[in-house]
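To keep things clear, I will list the structure first and then write my remarks on it.
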Amino acid sequence: AGVATSDLEVNLKIALDAAIRGGRISEQDRDVILNEAEQEVAAAVLSNSESQALAIDLAESQAPRLLSRHERLIDSLEQSNGIIRANEVLPTKAELGRRAQAGTG
């Protein structure tokens, strides 16, 4: 959450600094806006974190069913794009076979 908060705050500060340079707001206005945005930034970070956790849970629940597709994708990336499984920390064919037998993804 710390990095996500920092990212949102930096983007907000960049936008506000552009408004200061353009003469649309003062530095004091920027400070007020930043203070007022604190709760909104926190809520956005929490919401994004919840959404990311849900996306991971959904992906994990679908992984066993999609294992053969994932294997084909990895094979395609090796053949077409020249990736090396070990360098990309991707499972070997044997590991994918073990996962299929175990019913995992």
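The values are calculated or read from the model by the stated rules, or taken from the named source; none is laboratory data. Not measured: the values here are computed from a predicted model. For the accessible areas, the whole protein counts, side chains as well, though only heavy atoms, and no ligand, DNA or RNA atoms are used. Shrake-Rupley method; radii C 1.70, N 1.55, O 1.52, S 1.80 Å.
I need the Kirkwood Rh of segment 6-105: take the reciprocal of the average 1/r across all distinct C-alpha pairs and report it in angstrom.
Working: mean 1/r = 0.0567 Å⁻¹.
Its Kirkwood hydrodynamic radius stands at 17.6 Å.
How long is the gain from Arg24 to Lys93 if the chain were fully straight, where each residue apart is worth 0.36 nm and the alpha carbon distance is subtracted?
Details: separation 69, 0.36 × 69 = 24.84 nm, distance 5.89 nm.
Contour length minus Cα-Cα distance gives 19.0 nm.
Counting only protein heavy atoms and using a 1.4 Å probe, the accessible area of Glu95 comes to about 60 Å².
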